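The values are calculated or read from the model by the stated rules, or taken from the named source; none is laboratory data. Everything quoted here is computed from the prediction, not taken from an experiment. Using ideal geometry, Cβ is built from the backbone for each residue, glycine included, and neighbour counts are taken over all protein chains shown. We work out accessible area using only protein heavy atoms, side chains counted, and drop any ligands, DNA or RNA first. Shrake-Rupley method; radii C 1.70, N 1.55, O 1.52, S 1.80 Å.
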Amino acid sequence: MDAADVMSDLSEVLYTADEIAERISEVAAQIDEDYEGREVLMVGVLNGAVMVMSDLQRAMTSHVQMDWMAVSSYGSGTQSSGVVRILKDLNTELEGRHVIVVEDIIDTGLTLSYLMSNLASRRPASLEIMTMFSKPEAAEMDVEVKYVGFEIPNQFVVGYGLDYAGRYRNMRDLGILAPHVYA
Ligand code: IMP
């Protein structure tokens, strides 16, 4: 699905599929360089990080592994609930591994700060964060985010893995959801 297919549901297209792909290539090259000689395990947060994980790993030239967690997030609303529950845990032991948590978006950072303390307690050799999109509040978080795709305005966005009520994840572009859709 392209933004053009659902244009009346969007108030603006923030990043096109091409712009996203170009930025992904840059971040992938940076990770290849930073981790030269060390094999990375990427931990994705379902379901939103599916697209970014898939594109980021394929853009890399080094070996890289993946595992997934599922945590509870927004449900069908547009506000952070602050409630984080692990619905599916990792299959991999993190001890001694070089871990990068791959996120779709950081908004309040509530989900991530919970996840990071949970993952840190499993004694990885290193633990960093990559997020495709970051909202302004994320900058006030106490966790440092090493790789950011794009900083975006404080609006509810959809596409490239991000949903509203389960929809729009499969849109290739990133767009701001028009208020009439959720009003
Ligand atoms: P946080 O805990 O407030 O940082 O929110 C984290 C999660 O909320 C993300 O992983 C998304 O699943 C969801 N989320 C936050 N902002 C948006 C948005 O603008 N569109 C869609 N989902 C969002």
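Only one of (1) more than 13 Å from the chain's Cα centre (by Cα); (2) under 23 Å from ILE176 (Cα atoms); (3) free of Cβ contacts under 8 Å to residues at least 40 places away in the same chain fails for HIS63. Which number is that?
(2)
Looking only at the stretch 133-183, how many residues end up being in a loop (DSSP other than H, G, I, E, B) and aromatic (Phe, Trp, Tyr)?
Qualifying residue count, the stretch 133-183: 3.
Among what's in the stretch 48-60 and is part of a loop (DSSP other than H, G, I, E, B) and within 9 Å of the chain's Cα centre (by Cα), pick the residue that is modelled with the lowest pLDDT.
GLY48
Give the stretch 118-140 a look and list any residue that's of a type in the set (A, V, I, L, M, F, W, C) and open to solvent by 30 Å² or more (accessible area, probe 1.4 Å), or say none.
Correct list: ALA120, ALA125, LEU127, ALA139.
The conditions are (1) within 16 Å of the ligand (Cβ to nearest atom); (2) closer than 18 Å to LEU119 by Cα; (3) modelled with pLDDT of 95 or more, and VAL45 fails exactly one of them. Which is it?
Only one criterion in (1) within 16 Å of the ligand (Cβ to nearest atom); (2) closer than 18 Å to LEU119 by Cα; (3) modelled with pLDDT of 95 or more is unmet by VAL45, namely (3).
For the stretch 85-106, state whether one or more residues are exposed (fewer than 14 other Cβ atoms within 10 Å of the Cβ), near the ligand (Cβ under 10 Å from one of its atoms) and either in a loop (DSSP other than H, G, I, E, B) or at pLDDT below 85 (or both).
No: the stretch 85-106 contains no residue that is exposed (fewer than 14 other Cβ atoms within 10 Å of the Cβ), near the ligand (Cβ under 10 Å from one of its atoms) and either in a loop (DSSP other than H, G, I, E, B) or at pLDDT below 85 (or both).
Report, by residue number, each residue of the stretch 103-136 that is of a type in the set (Asp, Glu) and in contact with a strand residue (DSSP E or B) (Cβ under 7 Å, 6 or more places away or on another chain).
GLU103, ASP104, GLU128
Would you call ALA70 within 13 Å of the ligand (Cβ to nearest atom), assigned to a strand (DSSP E or B) and open to solvent by 10 Å² or more (accessible area, probe 1.4 Å)?
So ALA70 fits the description; yes.
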